[in-house]
Amino acid sequence: MQSKKTNLLMLFTNSALAICLAVWLPACGGTDEVGTEGGACREDGSCDPGLKCNADNICEAGLFTKIFRSPAFQRCANCHAPGADGFVVGVTEATQNWSTQKTAWQTLQGKASGMTGNQADCNGVAFLGNTPETSLLAAALDEDIRAGYVNGNCTSDNISDMTLKIQGDPTSQELNLLKEWITKGAPE
Amino acid sequence: MLISTNKIGFFAVVLWFWLFPLFLTGAQTTSLRQPVRLTAGASNQSMGMLDPQETALYFISDQNATSELFVQTPPDSGSRLLLDSNADIAWPKVSPDGKRLAYISYHSDASGDLCVLNLDDLEQRCLTGIESSEMQVVWLDSSNVAFLTRPSMHENHSLHSINIDNRDAARTLISQNMINPTVSPDGRWIAFVPVEREAERVGVNFSNRTKTGLILYPIDGASASVSYQPDLPGVTGFPAFSACGRFLYFSQYLNDTNRDGVIDGNDNSVLFRVEFQSKEEKPILNTQPEQLTSAAWNCNYPSLSKNLLVMTCSQAGSLDIYTLPLDGAIPSEWNPHDVKQHLQAARSHWTKLLLFAKLLNLEKQTHARIDTLHEMVFLHTQLREYESALRYCDQIIRLTKETDIQTAVPHAKIMQEQVLHRREDIALIHGQLSERYIQSELQRIDRLEKLREPLSGDMQALADLVISEIRFDIGHKNQAKQLITKINPLEIRSPLIIKTFIHRIAQQESLSGDRQALLFLYHHMSTHPSMSISDRLQLSEDFITELTRGEDRETRKQLVDAWLQKIKPDTELAVMLQVMQLLLDLNEQNQEAVRAGIFEIYKKHKDLDKRRAIVLQTIKTASKLGIEYLQYQFATTWASLLKRSNPERKHAEDLYEKIVLERAYAELFKNQVEGARAHFFATTLRTDSLEAHMGFIEAWIREKRGDLWDHYKKRFQKNPDHPIHHYVQAYLLARDIAGIVPHEKFYQTFDQAFSHLKRSAGSFPRSPEVQNLQGYLLHQKFVRNGNNHDAASAYNHYYLALDLAYRNPRMQATLLLQLGLLQAQLGNHRMAIKYYQQRDRLPYVRSDTQLSQRMALAKSYFHIHDHQQAVALAREALKLVKSRSELQAYLPLVMDRLALYNNAAQDYQDAFDLYVQLGELFEKPHQIELGTPINRLKLQLGLASSALGLKKYATATEHIHQVQAILTASTALRPETEQPGRLGINAFKLEKTAYQILANGLLAQAERGSGNYQEAAIAMQHRYDMLAKRFETTNTDEDLLDMAQASYHLGEYAYKQNQPVQARLHFEQGLNESNQYNQRTGSGVNPTGLRLLRALAELHLQAEPKMQQNQALDLTQQVEKAYEFICTHPSPNWERDRFLLGLYLTMLKIQNT
């Protein structure tokens, strides 16, 4: 859950940003370059990779960038990355690679692999699916999705709860971002 | 010692599962709370109280034998003595403004004085004297205290008040025998426990009877005193008001838990609270008190701060201070649904009773309350807590007046009779039936039969069950059996009566050893339609336990297969038998196939109870066989299934964490370091376990994975001041500290490590890992500087860690070994042996740890001169080394030690043979370089000394010459890094001169043995000269005594060569040195001095007239002085000297006259 303090801070930041835009961008000390995060969009409406041009013509972090940067998902790289300290052969899902945002996005387009034992039936299952309810990734993080998950032989019984393995569960905001991202077709 | 074993102990450091400190967090709202421990130590800590700001905890501890006042600031930090009173102190009470502390002191008055301590400057003063006996104290406000006093030991109590500032005369508040007075925060009420005198002439303090309940006394006297009787069994004690005054807390001794026939302060206590309305004339309405702690914890002395309930609880054999939130173990916001959910997950009867007590308070419907009370009666009866069971039976009877439940009264009355019967039964002395007992039980049967007459169905069955039990107990076994056989359990509907039936039959058939009858019972009851799934599963497990008890694996398999053919599929019993069938085949090779089979069963059954039973059975069996894979698979699957709102989830998570950590250790043990590292790491991601971090570090280092400092720097990049980061840095520094040279660098590292540790200690106040590391660092400092103060501090930290690790055998094992090593290094070998032996009672996972323990224990036995035991242990060590390939590096060390102990035990031949074998090892390639000058030198010395013992003087001389050759060679004995003194006092190593002195001594003995006295005298003179030269620089007492001994031998050799004058001069010289030694060390006598006196006396008494006594020496006077000393300080060692010196003294005196 986000605290009230953080919400207020966000409110303040958004208002300040709006005022800056209305007056004169450089006057706020903004040095953001065109196309970079917080900077104006390019003439063709594009931004740097991972960013998108919003309605105010400002480049902001895309959904997946927000997901990748969030505290909960930052922890994925501890285990899901080549040579990661927490990677256990046969236990840790082996396709995902959270070393960089790019590798994370790329590998999440693929299918689960490398699991043994009770989780083995989920090897070969796509991480994302079309909806959060059919997403293996969402099911591993959200207990409600997990409870109803069925994809061939891979069911809720085969999915291990990722929140068991890290201190601090993903916030509802982080989970909502994930669901929104999946619903929108998991854009880069 | 040929090879250093310094590091063996350190690498065995493994820790425990960390429980996150909950002090002041107010956490645990979703689960049942456990008391959080604030104090530690093997001693008793009690009467804890927080100051109003909750920044300091004051309490009494007997850690220094007397009960003294200690403080912990902050409350969960380490303790320090607040007042060095040198006498007992009791009842510390902080004033409401937090500035002063009142207490009862026994310093100047053995019957107690009221004293007050200023907390800012620690100035203390006592307000009463020896004319009265003060017992307890309580603050009325920040300037006035009330104290319980009596004029003399045998007179009645009264409660007085006094102003501590102006010290006006005390005035009497209440004249009544009482204990534990307490005052409400608004100063309107005093609550106390009334007591009454038992005997006219014996003081109420020594012989009293506690009345039930509490008295509430209005201080202003505006209304009458009120008696409060909680609706609970037993007696009440220790009332205490909450800081806001809304609640009155108290202890209740519910049952006769120590079975001494009375319920009193020696029984287990449970804390309760009840709402208090200070402004009312009757401040406590007729409400059921709220149970705050489980009876399993035995807590009392409640003390309330603004946010916490502080209490003294008894766990693991000692008292300690614990806290809980103000509403106790169960969050006050729980509703009946929450409580029922937790009841499903509750494991112990006491936890269930705590939850049922809460449910009873929450339930509004009489029917539901009666059902809850029935459950409570059943559980209390199971726990043999008969007073509680009876009280709840009474409550059922009272409640039924409000309802139309026809069966409730007979049910409660039958249960009452059963409980009363059992209470009578346990009161029998040694189980011997008495006439009175038989008559009373026959009357009970009459009453039960009358109760039974109008009944039918379940109630009739219950009555028959109880009658059968009574008949069985009074010896009417056939009638008892007949009654039982009349009951058709399948017709019983009440689960509680079915359970009573099962217990009854199980008890009867277990006594008669009728396995088939038990199997029949469990089988049929496990399918009983009235039983819950969870009960049926429990009965299925009971069935399997009984079926397979005492059978080998093959027979168990056959039995399970056979029963699976007989029973209906898909029953709970069938499910559990199918799981057992697979588990009975489980081994390392087929674990995947077994997993798959069990997982199929698991997936087929969706019921949570069934799944829990399958998972727990699998984990239990896999754990016994050491198969972590299966444990991990099912712990993960089970925890992943449960939603966070399910109370079972917490148990599942705990299980998961433990299994992951165990798997990490298991993989480390199997040398699967990569997997171990990953599992330890995974645990560090999930918990703040310092143990997991240490495991991760050790695995990482073994794996040679890279720079750990860098790894942790990156990990804590955003929060470098994180307490775990500080702990890890301290650990990494401590890991290598033992080998650091020079000393300056060592102390620098020590300071760095200690500074990191201090910064993490505040966040992990009750962590054995932190205490252990502090102990280890101080231990290493002591090794360097020999300062006993550091050793004492190290000991305290180790001991505290040991107390904190009472649930962690791994940690205990490490600490016991460290404590033993520390004591041995202090020279306290008997204490060291105690710790080594305790260590030996725990299992060994690593063979090097076992070897370390054996060798350390052998060494301590050697030092207490139990040489046979030292030899036996060193032989065990040798056997161990020979049986384990990974220990081969230690073979020369163990052989060397065993040979040394053999020499000491006078098994010279074994010693000699071992040295010869050791010499042969030197010629073979070995993991480390053995043929170094120092090792060859020690080998030759060993050979020489054992040859001497065997009287092979020529052989001995030959080996000594080899020693001398090594010593005269120009090469250094050791490499630079191992030079004496470089690694501190415990790396004690002899220099060349010391070996030369030793070699000359041995040579002298060898020559003497061969009869070459002249050569012997030359060698001994060399020894003497070298000792004297060394003494000039070292000025040590030991050298002086060695010089005296050399002088003795020189005298002896001169005497053997017929040179009595020379002999006398040597003896006199020696005696002079011995006297100097005695003077310097404060000794009355020493063995060498006694020997010299005997020699001189004999020489004098046997010599010709020209051998006159040296006037300056005054031999007679010296013999007389020594004789007097050994007579006034009797020791069996001096028995021979007492006889001889007594004789010589008489002869000398006669000769003088």
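Only the coordinates and a few stated rules stand behind these numbers; no lab work does. Please read these numbers as outputs of a predicted model, since none were measured by experiment. Cβ coordinates were reconstructed from backbone atoms using ideal geometry, including for glycine residues, and neighbour counts include every protein chain displayed.
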How big is segment B:248-305 by the Kirkwood estimate over distinct Cα pairs, in Å? 12.6
Equivalent ellipsoid semi-axes, segment B:522-611, via Cα gyration tensor eigenvalues times 5, rooted, Å: 21, 17, 10
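Is there a pair in B:LYS450/B:LYS486; B:LYS352/B:LYS413; B:LYS938/B:LYS1029; B:LYS358/B:LYS643; B:LYS603/B:LYS624 whose C-alpha atoms are over 21 Å apart, and which pairs would that be?
Values: B:LYS450/B:LYS486 18 Å; B:LYS352/B:LYS413 23 Å; B:LYS938/B:LYS1029 24 Å; B:LYS358/B:LYS643 24 Å; B:LYS603/B:LYS624 24 Å.
Violating the 21 Å limit, Cα to Cα: B:LYS352/B:LYS413; B:LYS938/B:LYS1029; B:LYS358/B:LYS643; B:LYS603/B:LYS624.
Mind checking the full-extension length gain between B:SER532 and B:ASN719? Use 0.36 nm per residue of separation minus the Cα-Cα distance, one decimal, nm.
Working: separation 187, 0.36 × 187 = 67.32 nm, distance 5.12 nm.
Going from the current span to full extension adds 62.2 nm.
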How far is helix B:366-382 tilted off the main Cα axis of chain B, in degrees rounded to 10, range 0 to 90? 30
What nm value, rounded to one decimal, do you get for the distance between B:ASP168 and B:THR73 when each label is placed 7 Å out toward the C-beta? 3.3
Please give the average number of partner chain Cβ atoms lying within 10 Å of the Cβ of each residue in B:673-684, rounded to a whole number. 4
Spread of Cα-to-Cα distances over 5 Å intervals beginning at zero, given as percent, for segment B:827-956: 2, 11, 19, 20, 20, 15, 9, 3, 1, 0
Can you work out the PRE-style zone for B:ASN587? Point 7 Å along Cα to Cβ, and I want the residues of segment B:543-580 with backbone N under 12 Å. B:554
Which value in Å is the Kirkwood Rh of chain B over different Cα pairs? 36.3
Please give the average number of partner chain Cβ atoms lying within 10 Å of the Cβ of each residue in A:161-170, rounded to a whole number. 5
Below 16 Å, Cα to Cα, which aspartates and glutamates can B:LYS99 reach? Residues fewer than 8 away in the same chain don't count. B:ASP51, B:GLU54, B:ASP120, B:ASP121, B:GLU123, B:ASP141, B:ASP165
FRET efficiency for B:LYS340 and B:ASP260, using Cβ-Cβ distance with R0 set to 45 Å, rounded to 0.05: 0.80
Per residue, the convex hull enclosing the Cα atoms of segment B:218-346 spans a volume in Å³ of 138
Using every Cα-Cα pair within the protein assembly as shown, state what percent have a distance larger than 65 Å. 28
Taking the 0 to 90 degree range and rounding to the nearest ten, how far is the long axis of helix B:690-703 tilted relative to the main principal axis of chain B, both from C-alpha atoms? 50
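Give the peptides B:1039-1052, B:826-839 in descending order of average Cβ contacts within 10 Å, highest first. It would help to have the intermediate numbers written out before the result.
Details: B:1039-1052: 24.2, B:826-839: 18.9.
Highest to lowest by the protection proxy: B:1039-1052, B:826-839.
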Set the Förster radius R0 to 22 Å, insert the Cβ-Cβ distance between B:GLU1032 and B:ALA969 as r into 1/(1 + (r/R0)^6), and round the FRET efficiency to 0.05. 0.25
Residue order, fewest to most beta carbons within 10 Å, for A:CYS53, B:CYS299: A:CYS53, B:CYS299
From the phi angles alone, apply the Karplus equation (6.51, -1.76, 1.60; θ = phi - 60°) to segment B:907-922 and give each ³J(HN,Hα) in whole Hz, x where the residue is Gly or Pro. 8, 5, 5, 4, 4, 4, 4, 4, 5, 4, 4, 5, x, 5, 4, 4
For segment B:528-581 (alpha-carbon point model, no solvent) the Debye-based log₁₀ I(q)/I(0) at q = 0.13, 0.14 Å⁻¹ works out to -0.30, -0.34
For segment A:60-131, max minus min Cα coordinate along each principal axis, in Å, sorted largest first? 42, 31, 17
Going by alpha carbons, how many degrees (0 to 90, nearest 10) lie between the helix axis of B:336-345 and the longest principal axis of chain B? 50
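Longer than 32 Å from Cα to Cα, which of A:LYS165/B:LYS604; A:LYS184/B:LYS604; B:LYS834/B:LYS951; A:LYS165/B:LYS713; B:LYS211/B:LYS477 are they? Say none if no pair is. The partial results should precede the final answer.
Working: A:LYS165/B:LYS604 26 Å; A:LYS184/B:LYS604 36 Å; B:LYS834/B:LYS951 37 Å; A:LYS165/B:LYS713 22 Å; B:LYS211/B:LYS477 42 Å.
Pairs exceeding 32 Å: A:LYS184/B:LYS604; B:LYS834/B:LYS951; B:LYS211/B:LYS477.
Extension gain B:ASN1072-B:SER510, at 0.36 nm per residue separation less the Cα-Cα distance, in nm? All intermediate terms of the calculation are to be shown ahead of the outcome.
Details: separation 562, 0.36 × 562 = 202.32 nm, distance 8.05 nm.
Roughly 194.3 nm would be gained on extension.
What is the average number of partner chain Cβ atoms found within 10 Å of a Cβ in B:592-603? Write out the running numbers ahead of the final one.
Values: counts 3, 0, 0, 4, 3, 0, 1, 6, 0, 0, 2, 7.
Counting Cβ atoms of other protein chains within 10 Å of each residue's Cβ and averaging gives 2.
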In Å³ and rounded to a whole number, note down the convex hull volume per residue for the Cα atoms of segment B:279-382. 143
Most to least packed among B:463-472, B:328-337 [average Cβ atoms within 10 Å]: B:463-472, B:328-337
Going Cα to Cα from A:LYS102, which lysines come in below 16 Å? Please leave out same-chain ones fewer than 8 positions away. A:LYS52, A:LYS66
Counting each pair of different Cα atoms once, what's the Kirkwood radius of segment A:42-101 in Å, rounded to one decimal? 13.2
Just the ratio, please: alpha-carbon radius of gyration of segment B:687-818 over 2.2 N^0.38 Å, N its number of residues. 1.03
Checked against a 19 Å limit on the C-alpha separation, the offending pairs among B:LYS340/B:LYS620; B:LYS306/B:LYS650; B:LYS704/B:LYS882; B:LYS620/B:LYS658 are B:LYS340/B:LYS620; B:LYS306/B:LYS650; B:LYS704/B:LYS882
The simple spin-label model distance between B:ARG436 and B:ASN1133, using points 7 Å out along Cα→Cβ, in nm, is 6.2
Treating every alpha carbon of segment B:49-204 as one equal point scatterer without solvent, the Debye formula yields log10 I(q)/I(0) values at q = 0.11, 0.19, 0.21 Å⁻¹ of -0.43, -1.23, -1.43
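At a Förster radius of 41 Å, what calculated FRET efficiency corresponds to the Cβ-Cβ distance of B:ARG447 and B:SER227, to the nearest 0.05? Intermediate results must be reported in sequence, preceding the final value.
Numbers: r = 33 Å, r/R0 = 0.81.
After rounding to 0.05, the efficiency reads 0.80.
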